[in-house]
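These notes concern the structure reproduced below.
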Amino acid sequence: MQSPPADLCLEGGITVKGLHIIADLYNCKPGELLASSAKLRELCVKACTDEGLTVLGDHFYQFSGADGTQDGGATGAVVLAESHLAIHTWPERDGATLDVYVCNFTADNTGKAEAVYATLIAALKPGDVLVERITRGKDLPLKRRVANG
């Protein structure tokens, strides 16, 4: 028996597929992007809107330096109709972690997620990257769902 195509749901079922890119960035170029929540926000929101993703809101926070002699990092999230982008920076370590997730409910947003990721990598200029790409969502046939209780 032939399996259904990966982008189709089983008859009577639902599907919520998407791409989740998770990356640890090392030896990033030191500078404002690692140490300024305002600059980081500007980069992240623009990267999303430039790719046609729908920004619903964002929140970025600036940390103080740990010992008063260095810049603090920043953390932020952009909430998208298609899902989210989250980023956290450590300027004292020239590092960042990045999370880009898009669902493909109404359209295939995989290319948009990859483009946002590429834009952030180009801006942060890491020397080393550990990245995972996870396909999210599994077909869940409704006929197999059983309500508990």
Total residues in segment 43-53, condition surrounded by 13 or more Cβ atoms within 10 Å (Cβ to Cβ) and acidic (Asp, Glu): 1
Number of the condition not met by residue 111 [criteria: (1) surrounded by 14 or more Cβ atoms within 10 Å (Cβ to Cβ); (2) out of contact with any His (no Cβ under 6 Å at 6 or more places or on another chain)]: (1)
Search result, residues across segment 21-44 that are of a type in the set (Asp, Glu), under 24 Å from residue 83 (Cβ atoms) and in a helix (DSSP H, G or I): 42
Residue check for residue 117: in contact with a strand residue (DSSP E or B) (Cβ under 6 Å, 6 or more places away or on another chain), within 18 Å of residue 27 (Cα to Cα) and touching a residue at least 60 places away in the same chain (Cβ under 8 Å): yes
Unmet criterion (only one of (1) of a type in the set (A, V, I, L, M); (2) at pLDDT below 70; (3) within 19 Å of residue 137 (Cβ to Cβ)) for residue 79: (2)
Residues being at pLDDT 95 or above and crowded, with 19+ Cβ neighbours inside 10 Å - total across segment 4-32: 4
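The values are calculated or read from the model by the stated rules, or taken from the named source; none is laboratory data. Only a predicted model underlies this, so the values are computations on that prediction, with no experimental measurement involved. Here the Cβ is made from the backbone with ideal geometry for all residues, glycine too, and neighbour counts use every protein chain on show.
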